[in-house]
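Trainee: Input: one structure, supplied below.
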Amino acid sequence: MNVQQLTDDVKAALQKREHEAGDHAAARAAKALVKEQTALKALLTKQGAELTKQGAELASVREDLRRLERAHARHSSGGFPWGLLLLAGGAYALYRNNASVRAQVDGALKRLNPGPEGNLTRAADAAKGAVQDLVQGHSPASGLRTAGGELQRAGEKTVESSGDLVDRADTRVQDGLDGLKRGDV
């Protein structure tokens, strides 16, 4: 055996090992991919079952509403609105038992509040929007203007309210002084 033949044999053996190692790595990668796909399929199957269940529940609610509408249509000539009462009771039960629904309703009521609290809530919403615009690379100017306007209106309402309180207190004090002068007390 000469040196050239020995070199060729070593090269061939190395190439064979590289090929086997590559095949082994590819097989491991394929196994990992199959495992991930199996897990993903199981997750999607579970979510599909949950969506199907929620769809059935939604269909049931829709059917209940149709029945209520039909019953209401039959009895709409007068009488007590039982359907409306049931709907209000269901909404109240949902409000009492579901914290996220309660938080959404409370937030909506705060935004509708015409007083300073409503202005402050709307200002906070506008500031959050401005921060989101800034994070997304957009100009936050509009949101900041809105927040500033709501803060200004809240301040104006607070000053106006405190002025009314001072005027009422001043009137009461003056009435008390007048009563003392007349000897009413």
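The values are calculated or read from the model by the stated rules, or taken from the named source; none is laboratory data. What you are looking at is a predicted structure, and each value in this text was computed from that prediction instead of being measured. Note that we place each Cβ from the backbone using ideal geometry, even for glycine, and neighbour counts take in every protein chain shown. We work out accessible area using only protein heavy atoms, side chains counted, and drop any ligands, DNA or RNA first. Shrake-Rupley method; radii C 1.70, N 1.55, O 1.52, S 1.80 Å.
Trainee: Restricting attention to segment 62-93, report how many residues are open to solvent by less than 80 Å² (accessible area, probe 1.4 Å) and either modelled with pLDDT of 80 or more or in a helix (DSSP H, G or I) (or both).
Mentor: Number of matching residues: 11.
Trainee: So Asn98 ticks every box in (1) of a type in the set (S, T, N, Q); (2) closer than 30 Å to Arg153 by Cβ; (3) surrounded by 10 or more Cβ atoms within 10 Å (Cβ to Cβ) but one. Which box is left unticked?
Mentor: Among (1) of a type in the set (S, T, N, Q); (2) closer than 30 Å to Arg153 by Cβ; (3) surrounded by 10 or more Cβ atoms within 10 Å (Cβ to Cβ), the lone unmet condition for Asn98 is (2).
Trainee: Within segment 51-74, is even one residue under 30 Å from Thr158 (Cα atoms), within 24 Å of the chain's Cα centre (by Cα) and of a type in the set (Val, Ile, Thr)? Let's see the steps before the verdict.
Mentor: Residues of segment 51-74 that are under 30 Å from Thr158 (Cα atoms), as a first pass: none.
No: zero hits.
Trainee: Can you say whether Lys157 is within 41 Å of the chain's Cα centre (by Cα) and either outside any helix (DSSP H, G or I) or modelled with pLDDT of 85 or more (or both), as far as the supplied structure shows?
Mentor: no
Trainee: So which residues in segment 129-164 are loosely packed, with under 10 Cβ neighbours inside 10 Å and among the aliphatic types (A, V, I, L, M), if there are any at all?
Mentor: Listed by number, the list holds a single entry, Val135.
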